[in-house]
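Visitor: So that we are looking at the same thing, I have put the structure below in structure tokens.
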Amino acid sequence: MRNSSSTLEFLPTKFILVGIPGLEAEHIWISIPFCLMYMIIFLGNGTILHVIRTDTALHQPMYLFLAMLALTEVGVSASTLPTVLGVFLFGITEISFNACLLQMFSIHSFSIMESAVLLAMSVDRFVAIYNPLRYTAILTMPRIFGMASSIGLKSIVLMAPLTILLRRLTFCGHNILSHSYCLHPNLIHLPCGDTTVNNIYGLFIITSTFGLDSLLIVVSYGFILHTVLSIATGEGRRKALSTCGSHVCAVFSYYVPMLGLSMVHRLGYHVSPLLHAVMANAYLFLPPVVNPIVYSIKTKEIRRGISWMLSEKKARV
């Protein structure tokens, strides 16, 4: 701890998690929907992962990418679970500085992975529609696992410097976070030092991952629509587009809350802290809750696998 320019500067040993501002007295009731969401997330995504792993007929590119999506969503949710349930169920509002940085690193790393997986899934749908005869020849197992490794490595390499940059900053007595977990847009408002480098690097991460991924997804769907419109029969067009329905839902459930959260952070102090909390929770919880439900309903092979799994369990009983 040191005094510089009459301002007390320090490296905090802990942060205080607020949860949902203004509703602290209702946290025990708020914990109920959060517990239900976690149950849906882990049960839904876990079921999809189990079905894909055990059914060899689903060891195809489309379902392997779906398994990657489920894994990233489980990773994001597992990263938030300790502090969210700690705040709402047990009133544990303190988190150490290092644990907060680790949680921030995990949440944002898995979010970057999820965005990249959604892009890979859009490429998968384009290849399947544009050149179905060479689909499995183009998206081979080594290429798919290479893509998965690249996605994981890229997210870690991009996020590591951001964590290091935060540790180099000095803080001025502010250690209260406006969520029940640690996010970089929230943390970056607390230091009293110059955060220009952090902000520039954070913007670079956003544009080179979420921005670029979303642009390429739009381009992929432009090519998909062009290919579909060239199909002679209306039935053929319908079948081709039906294979994209679940992925389109996944893209919207991911990017719409992200865009909303970005707008809320840009407006800063002009919006209610409650809106900040709502948008942050929608960004982190909506995709992993919605996607397993959508894919279970709209994907015939997944429904069949779940039915087979349930019937097998009944037979054992």
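Visitor: Compute log10 of I(q)/I(0) for the chain with the Debye formula, placing one identical point scatterer on every Cα and leaving out solvent, at q = 0.12, 0.13, 0.14 Å⁻¹, to two decimals.
Guide: -0.88, -1.00, -1.13
Visitor: Another question, if that's okay. How large is the helix-only mean residue ellipticity at 222 nm for the chain, computed as the sum of -39500 (n - 2.57) over DSSP H runs with n ≥ 4, divided by its residue count, in deg cm²/dmol to the nearest 500?
Guide: So the helix-based figure for the chain works out to -25000 deg cm²/dmol.
Visitor: Further, regarding this structure: Could you please put 263, 37 in sequence from largest to smallest accessible area, using a 1.4 Å probe?
Guide: 263, 37
Visitor: Separate question: Which residue, chosen from 133, 41, 61, occupies the Cα position most advanced towards the positive end of the dipole of region 14-303, where the dipole is computed from +1 (Lys, Arg) and -1 (Asp, Glu) charges on Cβ about the Cα centre?
Guide: Toward the positive end, the furthest listed residue is 133.
Visitor: Let me ask something else. Give a residue-ordered list of calculated ³J(HN,Hα) values for region 297-303 (Karplus: 6.51 cos²θ - 1.76 cosθ + 1.60, θ = phi - 60°; whole Hz; x for Gly, Pro).
Guide: With the stated coefficients, region 297-303 comes to 7, 8, 9, 4, 5, 5, 4 Hz.
Visitor: Rounded to a whole number, what is D in µm²/s for region 46-202 from Stokes-Einstein with the Kirkwood radius over alpha-carbon pairs (4 °C, 1.567 mPa s)?
Guide: The diffusion coefficient I find is 73 µm²/s.
Visitor: For region 56-148, just the Cα atoms, rotate onto the principal axes and tell me the three extents in Å, largest first.
Guide: On the principal axes, region 56-148 reaches 57, 22, 19 Å in Cα extent.
Visitor: Out of residues 5 or more away from residue 180 or on other chains, whose amide H comes under 5 Å of its own, with H placed 1.01 Å from N in the peptide plane?
Guide: Answer set, sorted by chain and number: 19.
Visitor: Hey, another quick one. Got a sec to turn the phi values of region 25-41 into Karplus ³J(HN,Hα) couplings, 6.51 cos²θ - 1.76 cosθ + 1.60 with θ = phi - 60°, whole Hz, x for Gly and Pro?
Guide: My calculation for region 25-41 gives 6, 9, 4, 5, 6, 5, 5, 5, x, 5, 5, 5, 5, 4, 4, 5, 4 Hz in order.
Visitor: Calculate one ³J(HN,Hα) per residue across region 173-187 by plugging θ = phi - 60° into the Karplus curve 6.51 cos²θ - 1.76 cosθ + 1.60, and present them in order as whole Hz with x for glycine and proline.
Guide: x, 9, 9, 9, 9, 8, 10, 9, 7, 9, 10, 4, x, 7, 5
Visitor: For residue 14, what residues show an amide H to amide H distance below 5 Å, using hydrogens built from the backbone and excluding near sequence neighbours?
Guide: Excluding prolines and chain starts, which carry no amide H, the hits are 97.
Visitor: I've got another one for you. Can you list the cysteines of the chain that have no other Cys Cβ under 4.7 Å away?
Guide: Cysteines of the chain left without a disulfide-compatible partner: 35, 244, 249.
Visitor: Go through 29, 308 and list them by solvent-accessible area, largest first, probe radius 1.4 Å.
Guide: 29, 308
Visitor: Can you give me the long-range amide H partners of residue 94? Hydrogens built in the peptide plane at 1.01 Å from N, cutoff under 5 Å, separation of 5 or more residues or another chain.
Guide: 17
Visitor: Using a 1.4 Å probe on the protein heavy atoms, what percent of the accessible area of the chain belongs to carbon and sulfur?
Guide: Within the chain, the accessible surface is 70 percent carbon and sulfur.
The values are calculated or read from the model by the stated rules, or taken from the named source; none is laboratory data. Computed from a predicted model, the values in this text were never measured in an experiment. As a convention, Cβ positions derive from the backbone with ideal geometry for all residues, glycine included, and neighbour counts pool all protein chains shown. Quick note on the areas: whole protein, heavy atoms, side chains included, nothing else; ligands and nucleic acids left out. Shrake-Rupley method; radii C 1.70, N 1.55, O 1.52, S 1.80 Å.
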